[in-house]
Each structure stands twice: as structure tokens, then as C-alpha cells.
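Here is the structure we will look at.
The values are calculated or read from the model by the stated rules, or taken from the named source; none is laboratory data. This one's a predicted model, so the numbers in the text were calculated from it and none came from an experiment. Cβ sites come from the backbone with ideal geometry, for glycine too, and all protein chains shown count toward neighbours.
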Amino acid sequence: MTLRKLPDNIVNQIAAGEVVERPASAVKELVENAIDAGASRIDVVMRNGGRSLISVTDNGKGMSTDELELCFERHATSKLPDDDLVFIQNLGFRGEAIPSIASVSRMSITTRQADDENGWRLSVEGGRRGEVEPVGAPQGTRVEVRDIFFATPARLKFLKTERAEFGAALDVMRRLAMAYPDIAFTLADENRVALRVNAAQGDLFEAWLDRLSAIMGREFRDNALKIEAERDGVKLSGFAGVPTFNRGNATMQFMFVNGRPVKDKLFTGAVRGAYMDLLARSRHPLLALFLELPSDQVDVNVHPAKAEVRFRDSGGVRGLIVGALRNALAENGHRASTTVGREALGSFQPQSVPLSLPLQSRPSQPVSHGNWADVSRQPIPAGLASRVEEYRAPLSQSMAPSAPTVPDTPDRQVQVGELQDFPLGAARSQLHETYIVAQTRDGLVLVDQHAAHERLVMERMKKAMAEKTVPRQILLLPDVVELDEVAAGYVADRAEELAELGLVVEPFGAGAIVVRETPALLGECNVKGLIQDLADDLAELDSALALKDRMDDVVATMACHGSVRSGRRLTVDEMNALLREMEVTPHSGQCNHGRPTYVELKLHDIEKLFGRR
């Protein structure tokens, strides 16, 4: 086949295949143009998921007639101040994507600068350009893209449903709206306005938090930690959620590099590393981070749609992100998310069931607090309905509490009055030898003693290892643990590294390990269970990977075996000591597996449950 040069319309269609994958891609390019034009308001309207219409209107500086014609030329741009591709300051003002979009659609641009008496319009259909004509128009630019991919109908077959395409555009708009809180954005379709955020003013961090809360949910404001760090000219800002405020996927994790929304593997890995010993592997934190660095330190052109970037010093950027997140989480102390308490209160909400009907046919009705005399007609929670007879039994026949409560002696009352001013309050009782009930000045706190102590032991061990002073305790009688031969080999091969953690082990024939010393911080622990769990952890490690690279996982396993177990009765002083240590220990709001260690219920919320408010 003879070599030949492709015509411009085919070249533009090929470029469109790289840049304009779907309607959302066109929305992204056009909105970025409006941002670079200095707009303070950007309105987007889509019809049929963007198939029939994409309209982007801004109040930016507009274009002259010469610029209007030039923006349809391939590779025409105002993004570069000179011919150096390294120093890219803008998102992509006019040009670049416009000829690609115009080559596969019916496109028109109406624009007007502040000093012009009238506006100008230019239409292009499938790459065929019309004439510039004067029109009446407000300052700014309006771009209309109709019948996208009509010139390449094969591309239409690969589009998803209207709802899916509109959802993709909504995601694009949300990300851009997060990065530019000083700009008002709207996105609407035929039926509704899916996104409407007003331009924020004042402090940058407050503006960011307002915008993030408007998009990620109001609960994000209550559970967000401020992130601010700088190293070697690279600045990191933003907000990250506390570990107990998490989701089952990473859709609420956002990163922006010099104002550009990106999806980067380095960012994902850094976030997972920062939350490694605070969340289960299947849970993901909510956060939005904004990275600012010199243009020559990052390449934004490694991906056709600029969704990925490449850093010159990727290790330094990763270290900055991990360090900033870990510092913020450590300063967070024992704080847990507000959603934990709300979920707990939700579980107390009664499902109304009239007693006079069989359980299977009782309809839900609201509780009437106006007449408390006729108790037999009052609805009660469905969970209690099956035990009606037990609750009607004489008080003398009721079950005794499973654990002692704190006696209200005069001295104890003084102590409670003093301790309830602490964040986690004064211990009042222990339920089922597992949960500590504490009283605060304005509510109560329910603590999982095993989960809480597990975190405390882990943090003590991490501190001791950092200081290289892990105390050991010699077992009076060495403990021999039977394992299968392969598992025993995993433990024996790591004996030297385990000794640094305070655990001294030796091979003891085929398929057995003898334990001679254990970390003193673990106290009395189940040595057999500890070695078996460590063997499972070590089996998952790459043989070439040093144990210190997965130290948090190993320490978490050891801490679990050294913590106060469920089913152990604690004295009041032991309970209060646990609460006080939680208050000064980083990350104590969640256990080593990411579960909350305590639930706080405010008094006014409890009063609502009983109709007092």
C-alpha cells in the first residue's frame, strides 16, 4: 500500500478518538476552557445523556473574532506562553480539543468580550466550518455541541445508557468544582439540576471544606481532618476523613495536581500506606488532596485525556502524602467519626408493633406520647415483642445484670463528677464483661474493651520499636507450638527479625517452634494462637520482603493477642485507666482492623428517643 497523508478531517476524527471518548470527555474539555477563561460561573446543560446536546456557558473574558476562528485550528492554544512544553500553567484554554469535538459533531461557539459592542458566532458541522456572524450575546462564551458522534456513528454504539453517560459527566463536574471553590457550577439535564454549587469566598480552607461538604456530603465536614504540609517546594493541602468514616470503595478519594483532577496509582498507594494499620483492607477513607508543585516537576501530558500525571520525584511526593496524612491522623488522637454514634442511635429507633396483634400481622404505627395510661395499646420495639411475657413478669424475677455497676458511694460520686469532664468520661459499669459504659457531662460513651486495648498495645509496641527498646519477658517454661512443616519454616526463617520485636523463637524439629521470650507489653498471651497467626501472616509475605516493610501488620497481630480479652471483668479503676490512656493515644478511636473502639451518644439525642425533646 502506498504511503499517503491523511486529510485534515480524518486526522481530527482520529484525535477525537483519543480525546473525546464519550460526552463526559467533551464536558471536561469545555469546562476546563471556561475555567482558564477566568469565568466565575459555569453552567452545563445536557440532553439525552449528551447525545443530542451539550451546552457550556461561562461568563469569562470571551474571544475576539480572530481567536474564535483560530480556536478551531488544530494545535492552536493559549496554554503555552512560549514553545516550551514543560511549563504548562493552564488546563487548556480554547483550542486543542475544540477541533476534535467539532469534527464529530455539530458545534457552535458564541462569544463576546467586555469591550465589544456585540458578540460573534461560528458554527462547524462535522469539521466543515461556516462563517463568523455577529449576534447579541452577554460577556463570556457559550459552546453548544449537538448530535455528538453523528459523523462517526460507530462510536455511538459504544456509549452507555443516558443515565450512565450523564453520571460520568456529573463526576467530571464534581471534581472540577472541588478544585475551584471560587467558581459557581451547575449541571442540568431534561428533568433536574443535578449539581448546583455557589462561588465561595473568604478563607481558602473554609471555601474548600464548604465545597467538599456540598459534594461529598454534610457528614464529611464533621469528620474531616485538615491536611497542610510542604517539602522542597511541593505543597500539599486538603482534607482527609477520620478512619472510622469510611466506605467500601474508593470513589470518594480525590486528588488534584496544580488544579487538575487526576487519577494516579501513586496517590492510591500513598493513601493505602497512610491508613494501613487503621482500616481493614476492604474499607477506604474519604479524602480530597490538592498538590501544588512547579510545572517542570510534573508531566501532565502522559495520558491523552490528562487523567494521569508523572512526577519527577515520585518518591518524594509519595513520602509527603503519607507523612502529612499520618501526622494529621496521629494528632486526631482518640476521635472517632460522628456517624458511629448516629448509626448506634438509629439501631435504637423503635419499629412500632401493637401488642394486641399477632407478631406476623402487626403494622408499623408511630408511637403516641399523648396517652401513657393505656400501656397495653402502646407500641413497643419489635425486638422486644417476642419477650413480652418476660417483661410482664414480676420485677423480682427479672435477670440480674451480667456485670457489677459502679456503687454510688460519696467518694465515688465525687470521682464521677471530676472524671466526667474528660473526653471519654467516668466509667460507670461494665456490660457482658466486654463493654465499658462511661458517663460524660453531656452524654454517655460505650467502649469495646478488647478493641480499645488492642490499639493501645499496638501503639505502645510501635513506640518501643521506634526507640529500639522492646522489653522482653522470659517464659519460665518455653512453649512448644506444633505447626505443619511449611508454616514452621516461615516462622523459623524470620526468627532474627521477630527477635527485634521481642519475640524469641527457635526451630524445634520438623513442624515445631519453641518460644522462649515474648514481648513484655503483651503480658500473658496465648502463645500458640500468636505463633499460628504469625505463620499465616508470614505465608502471605514475599520472601524477599523484609519484615519491617510489613511491620504494622505483624505488630497488629501480636497486639491482638496481648490485649484485654472480651469476657474479662475489670475494676472501676482499670476501666478509668483504659479511658484515660485512650484519650492520649493516637488512633485509639479505631482498633487495628479499622473498627470503632467506642460509640458516643449525646444526651439530647438520647432524650429524643424517649420523647423528651
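Observations
- When the range 176-197 is filtered for residues that are in a strand (DSSP E or B) and without any contact (Cβ under 8 Å) to a residue 60 or more places away in the chain, the ones remaining, listed by number, are Val193, Ala194, Leu195, Arg196, Val197.
- From Arg516, Arg455, residue being assigned to a helix (DSSP H, G or I) and either in contact with a Leu (Cβ under 8 Å, 6 or more places away or on another chain) or surrounded by 18 or more Cβ atoms within 10 Å (Cβ to Cβ) (or both): Arg455
- Pairing residues of the range 305-326 that are not assigned by TED's automatic domain parsing to the domain that holds Val31 and part of a helix (DSSP H, G or I) with residues that are modelled with pLDDT of 90 or more and basic (Lys, Arg), at Cβ distances under 6 Å and at least 6 apart in sequence or on separate chains, gives Leu320/Arg231.
- When the range 458-474 is limited to residues that are farther than 15 Å from Ala559 by Cβ and surrounded by 14 or more Cβ atoms within 10 Å (Cβ to Cβ), the one that is nearest to the chain's Cα centre (by Cα) turns out to be Arg472.
- Hey, Met63 in contact with a strand residue (DSSP E or B) (Cβ under 9 Å, 6 or more places away or on another chain), at pLDDT 70 or above and either outside the structural domain of Gly127 (by TED's automatic domain parsing) or within 28 Å of Glu162 (Cα to Cα) (or both) or not: no
- Condition broken by Asp147, with the remaining ones in (1) touching a Ser or Thr at 6+ places or on another chain (Cβ under 8 Å); (2) within 18 Å of Ala26 (Cα to Cα); (3) buried (at least 19 other Cβ atoms within 10 Å of the Cβ) satisfied: (3)
- Scanning the range 118-153 for residues that are under 20 Å from Val56 (Cβ atoms) and free of Cβ contacts under 8 Å to residues at least 12 places away in the same chain gives a single hit, Gly130.
- Some residue of the range 185-207 being buried (at least 20 other Cβ atoms within 10 Å of the Cβ), modelled with pLDDT under 95 and of a type in the set (Gly, Ala, Ser): no
- Within the range 1-24, restricting attention to residues that are touching a helix residue (DSSP H, G or I) at 6+ places or on another chain (Cβ under 7 Å) and either of a type outside the set (Gly, Ala, Ser) or farther than 16 Å from Glu162 by Cβ (or both), the residue that is modelled with the highest pLDDT is Pro23.
- Scanning the range 30-41 finds one or more residues that are modelled with pLDDT of 90 or more and part of a strand (DSSP E or B).
- Test: Ser566 is in contact with a strand residue (DSSP E or B) (Cβ under 9 Å, 6 or more places away or on another chain), farther than 19 Å from Asp277 by Cβ and either in a loop (DSSP other than H, G, I, E, B) or at pLDDT below 85 (or both): yes
- Residue match in the range 89-111 (condition: acidic (Asp, Glu) and surrounded by fewer than 19 Cβ atoms within 10 Å (Cβ to Cβ)): no
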